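See below for the structure under consideration.
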């Protein structure tokens, strides 16, 4: 078996935005775009390619890599013999792959356009009759195939991303979280909103109810992550114990957790925001400026490196920055 070509395929939530970002930053140009997958290459050189994909329209899961070989049957048997169909789940931390499963697709039929099949060559290996798709470690796809794809693809069970917007009161966490959720079509959960509902149900104001709100949001986040949704949470998260809530949620669901820290604006602007605050909460009281200052003094340092943004910037600019970071870290 010989490798003829290898091409990475990156899963993105917004294909148009991702294409625009990669074209600007790499200088590559779009050589194919089917609406759900686009391939980029340097001008005049098709031997180097990168594909961006929102959701694979030809398979039940998204591949991460396409490796074209001259003998797909030999590659398939070698993979089975080496035990790659029994690859264990492995967690490697934030921004990495929570689950790695090999997949081998063997497809035959009439020649047609396909994101994983290079139709620019007249290779007889690409034209076969009959045949079927073989999958190792990935869900079977009962749909008929019309294109033979000579590729070995690594399936990454990705798409589960938990984004946690953190910072002092009146820095714009909820506004940013809601705007980001709208942009990337994610589920937005706010700890303060849940705490307000708990108080309305009769729980007493205090530390225990605050913890209960965090845990309730964690449970809701896990439920949505299990469904494959991206979740955006906003909370003060002023202690490592509070932040551990979201690490646990990511660990439980195999998601990637991205912490975002909103740095407060200058004191005068911060006080003005606090005075102008008009949240629709009935029972969660708005803190005084003195309480915000006191909370800032006991706000624990981060054990990791959150994505730091300045609350003084416009919300749309912050959303743009976060959107780019999320696409690169998925």
Can you spot a residue in the stretch 248-258 that is within 20 Å of residue 295 (Cβ to Cβ) and in contact (Cβ under 8 Å) with a residue 40 or more places away in the chain? no
Criterion: without any contact (Cβ under 8 Å) to a residue 40 or more places away in the chain and under 30 Å from residue 17 (Cα atoms) - qualifying residue of 271, 297, 321, 244: 321
Some residue of the stretch 243-264 being over 30 Å from the mean Cα position of the chain (by Cα), surrounded by 18 or more Cβ atoms within 10 Å (Cβ to Cβ) and modelled with pLDDT under 95: no
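Conditions (1) modelled with pLDDT of 90 or more; (2) within 30 Å of residue 246 (Cβ to Cβ); (3) exposed (fewer than 12 other Cβ atoms within 10 Å of the Cβ), marked per residue:
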| residue | (1), (2), (3) |
| --- | --- |
| 36 | no, no, no |
| 44 | no, no, yes |
| 50 | yes, no, no |
| 53 | no, yes, no |
| 90 | no, yes, yes |
| 93 | no, yes, yes |
Within the stretch 187-215, how many residues are free of Cβ contacts under 8 Å to residues at least 60 places away in the same chain and in contact with a strand residue (DSSP E or B) (Cβ under 9 Å, 6 or more places away or on another chain)? 5
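The values are calculated or read from the model by the stated rules, or taken from the named source; none is laboratory data. Computed from a predicted structure; not experimentally measured. Using ideal geometry, Cβ is built from the backbone for each residue, glycine included, and neighbour counts are taken over all protein chains shown.
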